[in-house]
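Just below is one structure, and these are the notes that go with it.
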Amino acid sequence: MRRPLLTQRTQRFAEARRGSCGSAYPIVEDRASILCETAEGSHENQISKAIIGAAIEVHRELGPGLIEKVYEESLCREFHLRGIQFKRQQAVPIFYKGVKLASDLWLDLIVQDKVIVDNKAKAEITEEDKAQLLTYLRLANLRLGLLINFHRPRLIDGIIRVVNGLDENPPPTPGSFRL
């Protein structure tokens with residue numbers, strides 16, 4: 001007899017709690033256990049969903065109008081509460097023609113070593129902000145970045161996904177699919 005889905009999920013949560021997400025903070029929410037359970041194999045889309053959920057909670061709690069540093073610190077706290085692995089103010093070395101430059105690139109947040117989060121608290125995201133994040137992705141050799149502008153009244157309107165390497169897989173030509 002098959003167990004109900006709810007019971008299976010509850011058991012998965014309990015098993016994931018027995019593992020470690022590599023954080024010094026305890027896991028508080030069950031949905032964080034899913035990320036912990038699949039931390040090695042998490043896809044960027046799953047990670048970005050968790051990031052956006054945490055950012056929405058921060059925005060719901062604080063609202064718009066504060067400085068970027070406050071949102072970054074609050075988002076880090078929310079990540080801890082949810083058991084989401086991240087690195088804050090991570091240095092990325094920059095090389096020019098084979099020589100390491102003295103200045104490193106500093107990223108706001110890298111989540112699960114796969115997604116860069118660039119926090120903003122300003123009226124509008126510009127094309128320069130998007131280009132900057134794409135450069136960060138290229139230099140860090142990552143595929144997905146999120147620009148999160150906490151200054152927007154509705155946070156979902158201030159979230160922009162930036163993807164590195166889409167040109168390598170162009171969309172299929174019309175009519176190339178057969179059913």
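The values are calculated or read from the model by the stated rules, or taken from the named source; none is laboratory data. Predicted, not measured: the structure shown is a model, and the values here were computed from it. For neighbour counting, all protein chains shown are included, and Cβ atoms are generated from backbone atoms with ideal geometry for every residue, glycine included.
Quick check on the stretch 80-92: of everything there that is polar (S, T, N, Q) and surrounded by fewer than 17 Cβ atoms within 10 Å (Cβ to Cβ), which residue is nearest to I56 (Cα to Cα)? If you could, list the steps in order and put the result at the bottom.
Kept after step one, since they are polar (S, T, N, Q), are these residues of the stretch 80-92: 85, 89-90.
With the extra rule that they be surrounded by fewer than 17 Cβ atoms within 10 Å (Cβ to Cβ), the set shrinks to 89-90.
Numbers: Q89: 21, Q90: 23 Å.
Filtering the stretch 80-92 for residues that are polar (S, T, N, Q) and surrounded by fewer than 17 Cβ atoms within 10 Å (Cβ to Cβ), the one nearest to I56 (Cα to Cα) comes out as Q89.
Checked against the criterion of being surrounded by 14 or more Cβ atoms within 10 Å (Cβ to Cβ), of a type outside the set (G, A, S) and closer than 21 Å to I156 by Cβ, the candidates K114, K120 yield just one match: K120. Each residue in the stretch 58-79 was checked for being surrounded by fewer than 17 Cβ atoms within 10 Å (Cβ to Cβ) and closer than 16 Å to P153 by Cβ, and 7 of them qualify. Here R31 fulfils each of the conditions (1) among the basic types (K, R); (2) modelled with pLDDT under 90; (3) loosely packed, with under 12 Cβ neighbours inside 10 Å apart from (3). Do you know which of the residues in the stretch 134-160 that are outside any loop (DSSP other than H, G, I, E, B) and touching a residue at least 60 places away in the same chain (Cβ under 8 Å) is farthest from V58 (Cα to Cα)? Filtering the stretch 134-160 for residues that are outside any loop (DSSP other than H, G, I, E, B) and touching a residue at least 60 places away in the same chain (Cβ under 8 Å), the one farthest from V58 (Cα to Cα) comes out as L144. Name the residues in the stretch 112-167 that are polar (S, T, N, Q) and more than 17 Å from L66 (Cα to Cα), would you? Of everything in the stretch 112-167, those that are polar (S, T, N, Q) and more than 17 Å from L66 (Cα to Cα) turn out to be Q112, T126, Q132, T135, N141, N164.
Among the conditions (1) part of a helix (DSSP H, G or I); (2) modelled with pLDDT of 90 or more; (3) not aromatic (F, W, Y), R88 misses just one, which is (1). Evaluated against (1) within 16 Å of N164 (Cβ to Cβ); (2) in contact (Cβ under 8 Å) with a residue 24 or more places away in the chain; (3) outside any loop (DSSP other than H, G, I, E, B), A131 falls short on exactly one condition, (2).
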